[in-house]
Amino acid sequence: MNHFLLLDDNDVQHEFAAHLRRLREQAKLSRDGLAERSGVPASTIKKFELTGQISFRQLLLLWQSLDDLSRLFALTQNTSNQPSMPTSIEEVLKDGF
């Protein structure tokens, strides 16, 4: 049985922020320490962790400082082998998801 999650951009923003915060804490880095390592101001890191709001470039700088950037890059690679997701409720109902 397939299960679908209904996510919006806000959900994903908050999950990225939570993921990177966990990685920061696991690395025992303060926001100031991460700011020094990444070049992203500590105030921006705080805002990101609280709201999920950040520029894409700054997200990449933080990700590069805390995780393997190639993991994020892999999301952009060819996905033609993956089944297509339904784009409407009609497709969901038609295909019996």
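The values are calculated or read from the model by the stated rules, or taken from the named source; none is laboratory data. Worth saying up front: this structure is predicted, and the values here are computed from it rather than measured. Cβ placement follows ideal geometry from the backbone for every residue including glycine, while neighbour counts extend to all protein chains displayed. Surface accessibility is based on the protein's heavy atoms, side chains included, excluding ligands, DNA and RNA. Shrake-Rupley method; radii C 1.70, N 1.55, O 1.52, S 1.80 Å.
Sort the chain into rounded, prolate or oblate with this rule: let a ≥ b ≥ c be the square roots of the eigenvalues of the Cα gyration tensor; rounded if a/c is under 1.5, and if a/c is not under 1.5, prolate when a/b is larger than b/c, oblate otherwise. Prolate shape, in that a/c is at least 1.5 and a/b is the bigger ratio. When the helices of the chain are scored as -39500 (n - 2.57) per DSSP H run of n ≥ 4 and the total is divided over every residue, the value at 222 nm lands at -17500 deg cm²/dmol. Only Cα pairs under 8 Å and 6+ residues apart enter the sum, and on that basis the relative contact order of the chain stands at 27 percent. Hydrodynamic estimate: the Kirkwood radius of segment 20-66 over Cα pairs, inserted into Stokes-Einstein at 37 °C and 0.692 mPa s, corresponds to D of 323 µm²/s. What the chain shows is 76 Å² of accessible area per residue, with the surface traced by a 1.4 Å probe over protein heavy atoms.
Given +1 at the Cβ of Lys and Arg, -1 at the Cβ of Asp and Glu and no other charges, the dipole of the chain around its Cα centre is 540 debye to the nearest 20. Annotation for Lys47 and Leu72: the two label points, set 7 Å from Cα along the Cα-Cβ direction, are 1.7 nm apart. Under the simplified labelling scheme, the Met85-Leu7 pair shows an inter-label distance of 0.7 nm, with each label point 7 Å from Cα along Cα→Cβ. Expressed as a whole percent, the accessible area of the chain that falls on carbon and sulfur atoms is 54 (1.4 Å probe).
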